Amino acid sequence: MAESPAFLSAKDEGSFAYLTIKDRTPQILTKVIDTLHRHKSEFFEKHGEEGIEAEKKAISLLSKLRNELQTDKPITPLVDKCVDTHIWNQYLEYQRSLLNEGDGEPRWFFSPWLFVECYMYRRIHEAIVQSPPIHDFDVFKESKEENFFESQDSIDALCTHLLQLKPTKGLREEQIQDEFFKLLQISLWGNKCDLSLSGGESSSQKADIINCLQDLKPFILINDTESLWALLSKLKKTVETPVVRVDIVLDNSGFELITDLVLADFLFSSELATEIHFHGKSIPWFVSDVTVHDFNWIVEHMKSSNLESMSTCGACWEAYARMGRWVYHDHAFWTLPHPYCVMPQVAPDLYAELQKAHLILFKGDLNYRKLMGDRKWKFTFPFHQALSGFHPAPLCSIRTLKCELQVGLQPGQAEQLTASDPHWLTTGRYGILQFDGPL
Ligand code: F6P
Ligand code: MG
């Protein structure tokens, strides 16, 4: 078998990985420090002097981290005592073992980008957990909530659209298919709203997304939605499969999460799926990623919204969860730096869980990077092969492009895109719905 290509890395000067480590990550750290500053009085009110001391400690740990990053210091082992600390330190050892003589230690502008970028978010978490009593403060909570509030109009329009489709019993098969395609595209464009690309600045959805879909179609570089439909509509008609399980590996909270919940609702109410399993992060991650707190917060805020469309959807979603038809999971593996091809060894329980799905939807750019091992595959390299043996169930990546990585394109397609838009890989303007599974 041919050797796998190199990892994306900030050692490639001028690359998107390089610019992320050089500019975007220090900016995110500065914003985190600023957030802690702004919550000083809240910490005081809650915990008195101890709260103030904790804030100071967290800030000093984060300033140290920013300095290490900006001066390209060696990556150091984690010192906290969390469930995953040991695995992280083992992974650092593994990174050391990959180095050639003369390379020195793993460091920010030299090691694989996926590893150092995940490590930065894990170090933010370490700074907070080491600062009791504010050890469970989510430094990104505010921006996630802002994104939700700023997207209210689009959320309202989307929920109204969903409610008009229900009950779906009256819909013809072609209508169900058409709506399924629409909601998949909405979930795709929802991924434009991540907050790590914008350095934590607001990136909400202001336009009415449903009416933009037609105009956005040319920006979908790979669209395998027909295969998803073929798979799910066949399962629906097969009496031997009374349970059809779709898993959604979530990405960002705020508007994107709403698009995923709307899609999940439609899958469920149209009986294309009978069970939906959501997978979120167990710690704050890449600024806007969903934690269980965000998930519950959003359902709760939907339910108590003054807008009827939103409150009706919120009440339905809570009921689905109560009935056990919607299940939320988290697992420490999702916030490790490992590529997904090693999941069977590192998190066999999670792999076994995913194998129960009939279809897994992987939302967002970071999931794509982990599916692809964050390697510099050729643009025309087959998706199935680039998954490097990760095939727990039929799967589909739904992501807008925010890194220099894409496989499965037609010969000449990448060259054409580069000629018309040199930044096509990194701005989130283009998207894919890329399927791997039996056709
Ligand atoms: O910071 C870089 C990055 O990994 C990009 O690849 C992407 O912009 C972002 O973080 C995460 O995006 P998403 O929320 O879609 O996974
Ligand atoms: Mg994200």
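Taking first residues from segment 401-413 that are at pLDDT below 95 and partners that are open to solvent by 30 Å² or more (accessible area, probe 1.4 Å) and small (Gly, Ala, Ser), no Cβ contact under 7 Å between residues at least 6 apart in sequence or on separate chains turns up. Taking the criterion of being away from ligand 2 (no atom under 16 Å from the Cβ) and open to solvent by less than 50 Å² (accessible area, probe 1.4 Å), the residues of segment 373-386 that qualify are Gly373, Trp377, Phe383, Ala386. Looking only at segment 30-62, which residues are crowded, with 17+ Cβ neighbours inside 10 Å and of a type in the set (S, T, N, Q)? Thr35 - this is the single residue of segment 30-62 that is crowded, with 17+ Cβ neighbours inside 10 Å and of a type in the set (S, T, N, Q). Against the definition (out of contact with any strand residue (DSSP E or B) (no Cβ under 6 Å at 6 or more places or on another chain), closer than 30 Å to Met120 by Cα and within 16 Å of ligand 1 (Cβ to nearest atom)), how does Val346 come out, yes or no? For Val346, the condition - out of contact with any strand residue (DSSP E or B) (no Cβ under 6 Å at 6 or more places or on another chain), closer than 30 Å to Met120 by Cα and within 16 Å of ligand 1 (Cβ to nearest atom) - is not met.
In segment 322-336, how many are without any contact (Cβ under 8 Å) to a residue 60 or more places away in the chain, assigned to a strand (DSSP E or B) and not hydroxyl-bearing (Ser, Thr, Tyr)?
Initial filter on segment 322-336 (without any contact (Cβ under 8 Å) to a residue 60 or more places away in the chain): 322-325, 327-331, 333.
Those still in the list that are assigned to a strand (DSSP E or B) too: 327-330.
Imposing the further condition that a residue be not hydroxyl-bearing (Ser, Thr, Tyr) reduces the set to 327, 329-330.
So the count comes out to 3.
Looking across segment 7-65, just one residue is more than 21 Å from Glu117 (Cα to Cα), in contact with a Ser or Thr (Cβ under 8 Å, 6 or more places away or on another chain) and of a type in the set (Lys, Arg), and that is Lys57. Against the test of being in contact with a Pro (Cβ under 9 Å, 6 or more places away or on another chain), open to solvent by 70 Å² or more (accessible area, probe 1.4 Å) and not basic (Lys, Arg), the options Gln27, Gln70 yield a single qualifying residue, Gln70. There is at least one residue in segment 12-22 that is among the small types (Gly, Ala, Ser) and exposed (fewer than 14 other Cβ atoms within 10 Å of the Cβ).
The helices (runs of 4 or more DSSP H) found entirely in segment 105-201 that carry 3 or more residues being polar (S, T, N, Q) are 152-165, 173-190. Restricting attention to segment 341-357, and to residues there that are open to solvent by 10 Å² or more (accessible area, probe 1.4 Å) and in contact with a helix residue (DSSP H, G or I) (Cβ under 6 Å, 6 or more places away or on another chain), which single residue is nearest to Gly389 (Cα to Cα)? Step by step, filter segment 341-357, then rank; the result is Pro344.
Restrict the check to segment 391-398 and report whether at least one residue is within 13 Å of ligand 1 (Cβ to nearest atom) and assigned to a helix (DSSP H, G or I).
No, the conditions are met nowhere in segment 391-398.
Please enumerate the residues belonging to segment 278-321 that are in contact with a His (Cβ under 6 Å, 6 or more places away or on another chain) and under 30 Å from Thr238 (Cα atoms). His279, the sole residue that qualifies.
Limited to segment 88-116, what total is found for residues that are closer than 24 Å to Tyr340 by Cβ and touching a residue at least 60 places away in the same chain (Cβ under 8 Å)? Write out each step before concluding.
From segment 88-116, those closer than 24 Å to Tyr340 by Cβ are 88-99, 106, 108, 110-116; that's our starting set.
Keeping just the survivors that are touching a residue at least 60 places away in the same chain (Cβ under 8 Å) gives 88, 91, 108, 110-116.
Result for segment 88-116: 10.
Here segment 1-11 is the region considered, the condition is being touching a Lys or Arg at 6+ places or on another chain (Cβ under 7 Å) and open to solvent by 30 Å² or more (accessible area, probe 1.4 Å), and the residue that is farthest from ligand 1 (Cβ to nearest atom) is Ser4.
In the condition set (1) basic (Lys, Arg); (2) at pLDDT below 95; (3) within 16 Å of ligand 1 (Cβ to nearest atom), Lys237 is compliant with all but (3).
Candidates are the residues of segment 254-285 that are within 16 Å of ligand 1 (Cβ to nearest atom) and open to solvent by 10 Å² or more (accessible area, probe 1.4 Å); the one that is farthest from His329 (Cα to Cα) is Pro284.
Evaluate the following for Thr427: is it free of Cβ contacts under 8 Å to residues at least 40 places away in the same chain, polar (S, T, N, Q), surrounded by fewer than 16 Cβ atoms within 10 Å (Cβ to Cβ) and over 26 Å from Phe255 (Cα atoms)? Full working, then the answer.
Details: free of Cβ contacts under 8 Å to residues at least 40 places away in the same chain: yes; polar (S, T, N, Q): yes; surrounded by fewer than 16 Cβ atoms within 10 Å (Cβ to Cβ): yes; over 26 Å from Phe255 (Cα atoms): no.
No; evaluated as a whole, the condition is false for this residue.
Scan segment 1-26 for residues that are at pLDDT 95 or above, more than 16 Å from ligand 2 (Cβ to nearest atom) and of a type outside the set (Gly, Ala, Ser) and the total you get is 12. For the criterion of being of a type outside the set (Asp, Glu) and open to solvent by less than 40 Å² (accessible area, probe 1.4 Å), Leu163 fails.
The values are calculated or read from the model by the stated rules, or taken from the named source; none is laboratory data. Source: prediction; values computed, not measured. Cβ sites come from the backbone with ideal geometry, for glycine too, and all protein chains shown count toward neighbours. Note: areas computed on protein heavy atoms with side chains; ligands, DNA, RNA excluded. Shrake-Rupley method; radii C 1.70, N 1.55, O 1.52, S 1.80 Å.
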